[in-house]
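Enquirer: I am attaching a structure below and will ask some questions about it afterwards.
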Amino acid sequence: GVNISGTNAEVMPAQWEFQVGPCEGITMGDDLWMARYLLHRVAEDFNVNVSLDPKPIPGDWNGAGMHTNFSTTLMRDANGIIEIEKAIDKLSRHHIRHIKAY
């Protein structure tokens, strides 16, 4: 089945998210597509409108927008914080460029 590991409300009114994973390789894509399909089908049964638009309401909504969570084995091992901090350092070197692309 689809590995849906959590759900939570977001800041924007009526916006919710769900987490798919952890998964490896092509399973991630397969589970994501099936999760979205199931979301639309269930919503249809309850006459609820679904949008995958990350910012469907104008304004500065903190927390709204597509994001991906990831980790490596080293990040999950003992003292994984060291590996997490290394990844943060690498990402921080291109922060301005990434924000501009967003």
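Enquirer: What are the chymotrypsin sites (Phe, Trp or Tyr not before Pro) within the range 3-64 that DSSP puts in a loop, where the Cβ has at most 15 other Cβ atoms within 10 Å? Let's see the in-between values first.
Expert: Values: sites: 16, 18, 33, 37, 46, 61; in loops: 46, 61.
Passing both the DSSP loop test and the Cβ count: 46.
Enquirer: Which percent of the accessible heavy-atom area of the chain goes to carbon and sulfur, probe 1.4 angstrom? Display every interim value, and only then the final one.
Expert: Working: 5000 of 8480 Å².
The computed percentage sits at 59.
Enquirer: With everything on Cα atoms, drop me the angle between helix 26-45 and the longest principal axis of the chain, reported from 0 to 90° to the nearest 10.
Expert: For helix 26-45, the angle is close to 30 degrees.
Enquirer: If packing is taken as the average count of other Cβ atoms within 10 Å, what order do 20-27, 5-12 fall into, highest mean first?
Expert: Working: 20-27: 12.9, 5-12: 11.2.
Ranking, from highest mean packing down: 20-27, 5-12.
Enquirer: Counting only helical runs of four or more DSSP H residues, what would the 222 nm mean residue ellipticity of the chain come to if each run contributes -39,500 (n - 2.57) and the total is spread over all its residues? Can you show the working numbers first?
Expert: On the way: 4 runs with 44 residues, N = 102.
One gets -13000 deg cm²/dmol as the mean residue ellipticity at 222 nm.
Enquirer: Using 0.36 nm per residue, how much length does the chain from residue 55 to residue 78 gain when fully extended, once their Cα-Cα distance is taken away? Can you show the working numbers first?
Expert: Details: separation 23, 0.36 × 23 = 8.28 nm, distance 3.72 nm.
Answer, rounded to one decimal: 4.6 nm.
Enquirer: Among 35, 75, 98, flag the residue with its Cα farthest along the positive direction of the charge dipole of the range 25-102, charges on Cβ as +1 for Lys/Arg and -1 for Asp/Glu.
Expert: 98
Enquirer: Now, a different point. Report, in debye and to the nearest 20, how large the dipole of the range 1-68 comes out about its Cα centre when Lys and Arg carry +1 and Asp and Glu carry -1 on their Cβ. Present the calculation step by step, with values, prior to reporting the outcome.
Expert: Details: 3 positive and 9 negative charges, 14 e Å.
Roughly 60 debye for the range 1-68.
Enquirer: Per residue, how much accessible area does the chain show when a 1.4 Å probe rolls over the protein heavy atoms, in square angstrom? Walk me through the numbers before you get to the answer.
Expert: Values: 8480 Å² over 102 residues.
Ligands and nucleic acids excluded, the result is 83 Å² per residue.
Enquirer: Over the chain, what is the relative contact order in percent, taking alpha-carbon pairs closer than 8 angstrom and at least six residues apart? Let's see the in-between values first.
Expert: Values: 69 pairs, mean separation 19.1, N = 102.
That works out to 19 percent.
Enquirer: With the crude spin-label approximation of a point 7 Å out along Cα→Cβ, what separation in nm comes out for residue 47 versus residue 91?
Expert: 4.2
Enquirer: For residue 19, what residues show an amide H to amide H distance below 5 Å, using hydrogens built from the backbone and excluding near sequence neighbours?
Expert: Close amide H contacts, sequence-distant or interchain: 5, 6, 7.
Enquirer: Suppose we take every Cα in the chain and form the convex hull; what volume per residue is that in Å³?
Expert: On the way: hull volume 14.3 nm³, N = 102.
Spread over its residues, the Cα hull of the chain gives 141 Å³ apiece.
Enquirer: Follow-up question, since we're still on this one. Taking Cα atoms, how many degrees apart are the long axis of helix 80-92 and the longest axis of the chain, rounded to 10 and kept between 0 and 90?
Expert: Approximately 80 degrees, to the nearest 10.
The values are calculated or read from the model by the stated rules, or taken from the named source; none is laboratory data. Owing to the predicted nature of the structure, the values given are computational and were not obtained by experimental measurement. Ideal geometry is used to build each Cβ from the backbone, glycine not excepted, and the neighbour counts take in all protein chains shown. Keep in mind that these areas ignore ligands, DNA and RNA; they rest on the heavy atoms of the full protein, side chains included. Shrake-Rupley method; radii C 1.70, N 1.55, O 1.52, S 1.80 Å.
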